[in-house]
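Data block below; observations after.
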Amino acid sequence: MTARSAASRLGSAIPAGAAARGATLATCALLALGCGPGAMPASVRHPLVGSAAPEFHAESTAAVTVGVPGTRRTRVTVIDFWASWCPSCSRTMPALDRLWRERKADGVAVIGVNVDDSEAAAEAAAYELGATFPIVADLDQRLTGTYGVAQVPLTFVVDGAGTVRWVGHDPASARRAVEVLLSERPAGARSVFE
């Protein structure tokens, strides 16, 4: 049915041009709603999803203190548990490094938690994988236990309020989770209409 025939059926209550413009506006609105980051990707089953992230502050291999909660400017924290002997980590680490370099100015922090037996192994592997974000060597497995990590890689995405919003193994899904959180209104932010 054309806009003209629809208008004629309504007894000319709606001019044909107005019907066509209305259909165009409705289509544009639907397209606009479909754009953007979309919904949060599915997480793996983990007891921390939806809960407060365990707080920690640790010194990275570069002698920088990092942790959860982050700084006041931190909107999203990505915590990735990894090891030098983990084949999947060689895919995850470079992807998370790209995310960190592209989005750190937007308040994204990425922390790599290495579960190797030595800080030297952690530093060497991070260098080999091209990771430039902070690396924490979890030599005593304290953070690994606190976060309930049974296998690596395992990535946690934490919002600015400190809630674990996503847990998983796929760096592309971690990126989507970060994008969803960045699209949400930051806690305490006010609308221009308020």
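Scan the helices (runs of 4 or more DSSP H) fully inside segment 79-194 and keep the ones with 3 or more residues being among the small types (Gly, Ala, Ser).
Answer list for segment 79-194: 119-129, 171-183.
I'd like to check something: does segment 89-98 contain any residue that is free of Cβ contacts under 8 Å to residues at least 60 places away in the same chain, under 17 Å from residue 125 (Cα atoms), of a type in the set (Gly, Ala, Ser) and touching an Asp or Glu at 6+ places or on another chain (Cβ under 6 Å)?
No, there is no match, as no residue in segment 89-98 is free of Cβ contacts under 8 Å to residues at least 60 places away in the same chain, under 17 Å from residue 125 (Cα atoms), of a type in the set (Gly, Ala, Ser) and touching an Asp or Glu at 6+ places or on another chain (Cβ under 6 Å).
Regarding segment 163-174, can at least one residue be identified that is in contact (Cβ under 8 Å) with a residue 60 or more places away in the chain, in contact with a Lys or Arg (Cβ under 9 Å, 6 or more places away or on another chain), under 22 Å from residue 70 (Cα atoms) and of a type in the set (D, E, K, R)?
no
Test residue 73 against the stated conditions and say whether it is within 28 Å of residue 52 (Cβ to Cβ) and among the charged types (D, E, K, R).
Considered against the rule, which asks whether it is within 28 Å of residue 52 (Cβ to Cβ) and among the charged types (D, E, K, R), residue 73 comes out as yes.
Sort through 108, 68, 76 and tell me the only one that's within 21 Å of residue 137 (Cβ to Cβ), touching a strand residue (DSSP E or B) at 6+ places or on another chain (Cβ under 9 Å) and in contact (Cβ under 8 Å) with a residue 40 or more places away in the chain.
68
Residues are listed down the side, and each one gets a yes or a no for (1) more than 13 Å from residue 80 (Cβ to Cβ); (2) in the same structural domain as residue 62 (by TED's automatic domain parsing); (3) of a type outside the set (Gly, Ala, Ser):
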{"position": "94", "(1), (2), (3)": "no, yes, yes"}
{"position": "100", "(1), (2), (3)": "no, yes, yes"}
{"position": "109", "(1), (2), (3)": "no, yes, no"}
{"position": "114", "(1), (2), (3)": "no, yes, yes"}
{"position": "117", "(1), (2), (3)": "yes, yes, yes"}
{"position": "121", "(1), (2), (3)": "yes, yes, no"}
{"position": "129", "(1), (2), (3)": "no, yes, yes"}
{"position": "138", "(1), (2), (3)": "no, yes, yes"}
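Just give me the residues in segment 140-162 being within 12 Å of residue 77 (Cβ to Cβ) and in contact with a strand residue (DSSP E or B) (Cβ under 6 Å, 6 or more places away or on another chain), in sequence order.
155, 156, 157, 158, 159, 162
The values are calculated or read from the model by the stated rules, or taken from the named source; none is laboratory data. Worth saying up front: this structure is predicted, and the values here are computed from it rather than measured. When we count neighbours, we look across all protein chains shown, and the Cβ atoms used for this are built from the backbone with ideal geometry, even at glycine.
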